[in-house]
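Inspection log for the structure reproduced underneath, given as structure tokens.
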Amino acid sequence: MGKLRRTALWVMAICLLNVSCIVFHPEQFRTDELGYYINHYNACGPVALEKAFEALGDNDASRVDLSREIQDDGNALRHFVSLLHYDGLLITLPNELKTICKKHGYKVTEIDSLDELDLEEDIALVLVWGEIFKREAHWLVFPIDTKIESWYGGYTRIGKIFLLKKI
């Protein structure tokens, strides 16, 4: 049996054993008239981008438009992860956020700690992780979102911090 076929069989077996699989939640695959995944519109990535851009004075980009821009770059990883859990369609990767920010005229600087940010002047996108087996990951906006360092209680870890500055 070929490697590709074995891999496909394993993915199918996992999917069938996993009640969260997209096969059992087809409503998660709903698209609008243009073919974009509707549920991604309210995912934390597009929502965080919308909040950050508004805080920086850019009210032209809605979460729907931002989600569509993200999806324009492809959904292959979202499709793959959705085989394991339907929430996979909600994922927004760090490089996708950086690409959108740059496209909208922002310089993106990755920093190491929230302590490096100025509460009065800085706007940053922050990826926080909780318990991986509970699929806890969320994009937040500093300083708009509060309790970033304890978002998932004692399990909270800061994954990425992207400081945004208008070019």
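Any chance segment 106-115 includes a residue that's in a loop (DSSP other than H, G, I, E, B) and at positive phi? Give the derivation first.
If we filter segment 106-115 for residues that are in a loop (DSSP other than H, G, I, E, B), which is where we start, we get 111-113.
Among the residues that remain, those that are also at positive phi are: none.
No.
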query = If a residue has to be part of a strand (DSSP E or B) and more than 15 Å from the chain's Cα centre (by Cα) to count, how many in segment 121-145 make the cut?
reply = 2
request  = Exactly one condition in (1) at pLDDT 90 or above; (2) farther than 20 Å from L127 by Cα; (3) not charged (D, E, K, R) is not met by A76; state its number.
outcome  = (1)
key: The listed residue being of a type in the set (D, E) and touching a Gly at 6+ places or on another chain (Cβ under 6 Å), out of E136, E120, E149   = E136
ask   = What is the one condition in (1) at pLDDT below 90; (2) over 30 Å from T7 (Cβ atoms); (3) of a type in the set (D, E) that E136 does not satisfy?
value = (2)
message = Looking at K98, K107 in this structure, which one is exposed (fewer than 15 other Cβ atoms within 10 Å of the Cβ) and at pLDDT 95 or above?
response = K107
task = Any chance you could count how many residues in segment 146-167 are closer than 25 Å to E54 by Cβ and free of Cβ contacts under 8 Å to residues at least 24 places away in the same chain?
result = 4
task = Might you check whether a residue that is modelled with pLDDT of 95 or more, in a loop (DSSP other than H, G, I, E, B) and of a type in the set (S, T, Y) occurs anywhere in segment 54-67?
result = yes
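Determine whether segment 107-130 contains at least one residue that is closer than 21 Å to D73 by Cβ and small (G, A, S).
Initial filter on segment 107-130 (closer than 21 Å to D73 by Cβ): 107-108, 110, 125, 127.
Okay, now just the ones that are also small (G, A, S), so none.
Among the residues of segment 107-130, not one is closer than 21 Å to D73 by Cβ and small (G, A, S), which makes the answer no.
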request  = Show the residue pairs that are 6+ apart or on different chains and have beta-carbon atoms under 8 Å apart, the first residue being within segment 28-40 and touching a residue at least 12 places away in the same chain (Cβ under 8 Å), the second being β-branched (V, I, T) and in a loop (DSSP other than H, G, I, E, B).
outcome  = H40/T92
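The values are calculated or read from the model by the stated rules, or taken from the named source; none is laboratory data. Treat the numbers as computed from the prediction; the structure is a model and nothing was measured. With ideal geometry, Cβ positions are generated from the backbone for all residues, glycine too; neighbour counts draw on all protein chains shown.
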